[in-house]
Structure formats: C-alpha cells, structure tokens
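First the structure, in the form of structure tokens, and then the observations on it.
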Number of protein chains: 2
Amino acid sequence: MDPRIREHAEVIVDHSVSISTGDTVEIQAPVVAEDLAVALYEKLGERGAKPSLSMRSPRADRAFLRNCDADDIELLDHTLAALEETDAVIIIKGSENTAETSDVPTEKTAARARANAPIQRERMGKRWVGTQFPAPGDAQLAEMSTEAYEAFVYRAVNKDWDEQREHQQRMVELLDPADEVRIVSGDATDLAMSVEGMKTVNDYGEKNLPGGEVFTAPVPDSVEGEILFDKPLVRQGNIVENVWLKFEEGEVVDFSAEKNEEVLAGVLDTDDGARRLGELGIGMNRDIDRFTYNMLFDEKMGDTIHLAVGQAIGETVPDGQPLNESATHVDMIVDMSEDSFIEVDGEVVQRNGTFRFEDGFEK
Amino acid sequence: MDPRIREHAEVIVDHSVSISTGDTVEIQAPVVAEDLAVALYEKLGERGAKPSLSMRSPRADRAFLRNCDADDIELLDHTLAALEETDAVIIIKGSENTAETSDVPTEKTAARARANAPIQRERMGKRWVGTQFPAPGDAQLAEMSTEAYEAFVYRAVNKDWDEQREHQQRMVELLDPADEVRIVSGDATDLAMSVEGMKTVNDYGEKNLPGGEVFTAPVPDSVEGEILFDKPLVRQGNIVENVWLKFEEGEVVDFSAEKNEEVLAGVLDTDDGARRLGELGIGMNRDIDRFTYNMLFDEKMGDTIHLAVGQAIGETVPDGQPLNESATHVDMIVDMSEDSFIEVDGEVVQRNGTFRFEDGFEK
C-alpha cells in the first residue's frame, strides 16, 4: 500500500476526529477507496475503537433515485439509529466517474435531502470529517493525471496543521468580534451582511481534511446586494457556471447561471432555508494551488471567499441566534485575487488576496 | 450490466426477502459485488423500500483484527442499533481472495464473534438472505474459470423455487414428526441424535440463495457417536480436511482433523455451544452438481448431509425446547452417495443418496 495512505489514515484518526479506546466510528467509503478504509481499520484497531463501514455508491444511489417514486422517499430510520450510537463519522469522497448521478432528476435529490435532514443534523453534532481519496474520476475532473492528482491530494492533507492553524488565527481575531462584512469584487459583486453574534471557526483539518479556511454564519435576514460566483459550481456532475444571486432582506430574490441554471434552481427550491445563506468562508490554504472542481479543496484556496446557501454549520451559531436549518448546504466561490476587497466593520482587511497582517497589503 | 445480475436481484427482493413499500433494508456487499448492489437499489427503488449499504471488506477486517488487542473487542453498538430498525437484511458474499483473513489469529475471530453475538441473534430474527456474487476468488477456490463459475452460480440462484420446494416437502414430511435420526457412512460415521419436538424447515431460496435443503435442530444433549466429515471445511481461507468429532451426551469430547486442526480447535473453543450441534441439514439441490469449497452451495448438494456446531437456526427450535445460543455456527459435510444411509425412527429414509420417495430406492 502507498505509505501516504497510511499517513492520511493517521491524520484522520489522531488529528481530525481524535479517536480513543471504545469510540464507535462509522466510515463511509466508495469502492475505489477501499485502501484508505483498510488503513483506517488498522489505526482504529490499534486505538481500540469500534468501526463500521458503509459503502458510498453513486451508481446505487442513481439506480434507486431513478426508479423510485419521489413521494415514497422517506427518512432512513436504520441509518439514523446507527448514527445516534456513533461517536465519530469519517466520510471519504472519491469517484470513478464524477458525473455518475448527472442524470438523476434534481427534484428527487432534493426530496431525499429533505427526508434525511434529521440524519444530516445528527451527523453535524458528532465528531466528523470529510476527506478525499485521489480517485481517477476526481483527477479527470481536475484535468490532471491520477499520479499528479495523488501528489496534490496528499500534499494538501498530510501536512503540518498546527502551522496552518496559527496562520488562520489572525483572521479569526479580525472576523469573530465583527458586526458587518462586505464583499466587493469587480463590477458584479457587492454584498453586505451582518455576522453579529455569530462565531468564527478556525478550520485546520478537523471536519474537513484538507482544512484551510475560517468561516462564520451570516445573520439569515441581513444579506443585501448582488454577487457573481466566478468559479464554477459542480453539482451531481453538472458544472454550473457564473452563478449570480441577488439578495433582499437575506433572501434570494433573483438568480441566474450561464450553464445548467436548472440545477441551481433545484438547489434553491429545496426548502425556505436554501434561499438564504448559511455560511461565509475565507479560503486561506495556499498549498492548494489550483482549482480542481472539488469544493472540499477549492473553497480552501487562498485569495478566495465562498458563501453557502442553506444549512449553517452548527458551531458558528451560538444558542439564541437565528439558525438556518435547511436540508441542503451548497458552497459557491468568488475569486478575490484581483480588483476585490473584504471589508470588516468598514475597514479593508484583505485587498486582492493579501490580508492586512501580511506583507504587501495595500489599505 | 449482465442481465443475470438483474434477475438475481429480482429473486432476492421478491422471493427471498419479499420487500414491500416502506421496508428498511440493509445490504452488505463486498466491493467486487457493487453491480449486484446497484441492481438491488434499482428494484428497491421500484418497491418503495428504504435501503442502506454496508461494505464487507475482509481486507479491512484483517487489518483491524491483527492490530487490535483481543481484550478491546466489544459489541458494535451502532451496528446493533441500525439492525433493530431494519426489516430485511441482504448479505452478499463474493471474494477477490478467499484467503484474505487466513493470517488473522483465530482467537481474535472468536472474540469478535462472542462480542457481537447480540447482532447475530438480532439478524436471525429478521427477514434475511445470504447469497453469492460470482467473484474471481470464489471461482479460483472452485477451480473454475470466472465465466464458468458465473454460469454455475446463476443456474443455482435464478431458478424455479416452487418446484424445488415441492421436491423437498416430501423429506420435510418424513423428518418433521420424527424423534430419532441416525447417520451412518462407511466405517467412520455412526451418529445418533434426537430431533424430538424440533421443527424441520424447507429451505427453498429464502434465507439462503441458493437454497435446497431441509434442516432441523438436534436436541443439544442427545447426540452420541462419531462422525467423519469427508468434505473439507473452509474457514477464513484455511482448508480443514477430514474433521472427526466424537460426541457424548451431546458434547464434543474428542476431535481431530488432517490439516489445519488448530482452526477447528478455535471454532470449538468459541463458547460452550460451539461444542454442541445446532443444525442437521440434508442437501437436496441436484442442480448444484459439483463441490466448490463454498458452504452456501456445498451444503445444498444432493447426496450429502451436514451438521453445524454452534448456534441453532431459531425457526427450528420451538419455544420451550432447548436452544443452542452459541456465537458461532459452522457447517460440515458428509458425502452420503456411497455405503451410507439415513435412518429416521429406525427406518431407512435414504440409502446411498436415493430417498425412499424416489425411483431406485433400496430399503
């Protein structure tokens, strides 16, 4: 086995979800990632944990959704029951074909997300991590050879996470006490929102591996303005380009996309929360040096911000603050490297990708 | 996809576990059998069922067991919790390498079986089926090409199960009301047992697919005599040959094997019940025309009987009768085609493989 797979397993078990003796652990892996599941079982055996292994199969999901009646889609009680007895969840992504579910009707995908929202909520309350196995389909989507893509993935995940945490902490200290945030980029993006009372989280490879962002939750009703996401959104293998959203009192009141607009419409129609923001994130991981059409990596790139419509990440919303409880959570990215700035409480904290605590910052 | 896989899925869903709308279903599949999982998801979508998919990975199991401390092995609470909310379980076997767990210490395998006995018991109370995907490792073990093995498997599973049921029912009618059964073969096997009060089950492709046997439970303390299992036992990829057991008052008081005797010893040491019988079965499926070192098929062959040490099949033991609750269940086979007979309450019911209700029977 590639020794980088065992390293990856060790980072997951000891850093991301901090497994100790007696922990129940659920691993979800696609067939192409069985090697990583094996390496994780090795480590979990050493730690005295109690693992189970689910197969993520987009082929099976597609077969089910295309053949079912949308009205029959119900909560998976057995999956929820297992999760309630689980301490930590390890979700491994990895595709032989990233377009495997591209011919599933979006309304069925949305119906399933609604039916299984309790599972998603339960999982969010656990120790969990989402990570990547460098499979050929993901490499193809990134326009990379499988070997080059493996190097890219392992460089991003098997790294010094303490150093990354310290770098990001300086941005947390600016954003956490803030009330107002404004994102401006080119002519098409000028969006203001309140983050008052919300908590800013430093993501250094715990719930996402790779990590490399700081993120918080906008106050759901506070978002005003327009935004053009100039990095494409990949959804069930469909590439949605140049998503444009217009917000009034927090709600999406107008939208467009240059390609696959109906996929975007399907996301926004999931439920009420899907038309409001749930997350503001700032990418700070400069080891992720290229766009690979994979949100887990793309949203962490330096010189970018991202916003998610839908569910807020629980830990960013203190008790008593308004919480977006949508069944969906879809991130979209803006390139901030040129003609762009981020303002916090009226002060520019990043211009053209350079933070105010970095050399070369121009106020 | 091979159309025989879709046929197999239909037999499983509609015949073996009779799925209807709203049923929660757990599928367990090895990576090599993803095609069958996909075909099952198609059918389960059509039926309005609620499926989940577990990955059976002998590689992961081996990694876990070799690295864990036997004392740390505990019940998988999350797996049990899921099962309690499950209506039907579909277990798919299929190996890329049937010897994958051959270097796992048998005491750890036994410790895991003990720790997870509540899971095994819970599953036995559900609608469940164990079936086979024709994978290359299983073909190799059978000394067949993969293509010839596929033909063998699909002939055995995609068949007229009503006709098979009727053939077997004649043996059920002889065995079900019986008190005493005696198995005699060659010089080495003469074993007597009581089946008084136990129920004989007609297996026509429900819990096992292929089916093709009738089986009951010996009264645990009643077994007396000696038996030589002249068909090999395959356990974790190890082939155990010519298992010999001597019973007194139901208990194994002496044993031997010509190869891998320590594997047999590991089975018998699982717990108290592992030294007593849990099943007497009579193979009646003449479409299974060769021995393939795979118990799911071998035990159904015509002209054979099998006995299992360990756990009794629940439905063969009516309330109030003594029940073997061992954590293990290991079947072993005797060839009855020559110099052999089965006696029921003092009358010969099968001689050299021919039943008394068949042409050519010699009393």
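The values are calculated or read from the model by the stated rules, or taken from the named source; none is laboratory data. In this text, all values refer to a predicted model and were calculated from it rather than measured experimentally. Every residue, glycine as well, gets a Cβ built from its backbone with ideal geometry; the counts of neighbours run over all protein chains shown.
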If a residue has to be closer than 18 Å to residue B:298 by Cα and part of a strand (DSSP E or B) to count, how many in segment B:230-273 make the cut? 8
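Results for (1) out of contact with any strand residue (DSSP E or B) (no Cβ under 9 Å at 6 or more places or on another chain); (2) more than 8 Å from every other protein chain (Cβ to nearest Cβ); (3) in a helix (DSSP H, G or I), shown as yes or no for each residue.
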position	(1), (2), (3)
B:54	no, no, no
B:82	no, no, yes
B:97	yes, yes, no
B:100	yes, yes, no
Test: residue B:186 is under 18 Å from residue B:342 (Cα atoms), in contact (Cβ under 8 Å) with a residue 60 or more places away in the chain and surrounded by fewer than 16 Cβ atoms within 10 Å (Cβ to Cβ): yes
Could you list, in sequence order, the residues of segment A:295-351 that are among the aliphatic types (A, V, I, L, M) and outside any strand (DSSP E or B)? A:295, A:296, A:312, A:313, A:317, A:323, A:327, A:336
Filter segment A:70-79 down to the residues that are touching a residue at least 24 places away in the same chain (Cβ under 8 Å) and surrounded by 19 or more Cβ atoms within 10 Å (Cβ to Cβ), then identify the one that is farthest from the other protein chains (Cβ to nearest Cβ). A:73
Which numbered condition residue B:35 misses (of (1) in contact with a His (Cβ under 8 Å, 6 or more places away or on another chain); (2) assigned to a helix (DSSP H, G or I); (3) touching a residue at least 40 places away in the same chain (Cβ under 8 Å)): (1)
Complete set of residues in segment A:102-112 that are assigned to a helix (DSSP H, G or I), over 20 Å from the mean Cα position of the chain (by Cα) and of a type outside the set (A, V, I, L, M, F, W, C): A:107, A:108
Report, by residue number, each residue of segment B:189-219 that is modelled with pLDDT under 95 and either more than 17 Å from the chain's Cα centre (by Cα) or of a type in the set (A, V, I, L, M, F, W, C) (or both). none
May I ask you to verify whether residue A:107 is closer than 28 Å to residue A:272 by Cα, facing another protein chain (nearest Cβ under 7 Å) and charged (D, E, K, R)? no
Just one listed residue, out of A:81, A:115, A:99, is farther than 22 Å from residue B:72 by Cα and more than 24 Å from the chain's Cα centre (by Cα), and it is A:81
Filter result for residue B:192 (in the same structural domain as residue B:346 (by TED's automatic domain parsing), outside any loop (DSSP other than H, G, I, E, B) and surrounded by fewer than 17 Cβ atoms within 10 Å (Cβ to Cβ)): yes
Identify all residues within segment B:118-138 that are in contact (Cβ under 8 Å) with a residue 60 or more places away in the chain and under 18 Å from the mean Cα position of the chain (by Cα); write none if there are none. B:120, B:121, B:124, B:125, B:127, B:128, B:129, B:130, B:131, B:132, B:133, B:138
In segment A:18-40, what residues are within 7 Å of chain B (Cβ to nearest Cβ) and either modelled with pLDDT under 95 or closer than 21 Å to residue A:153 by Cα (or both)? A:29, A:31, A:34, A:37, A:38
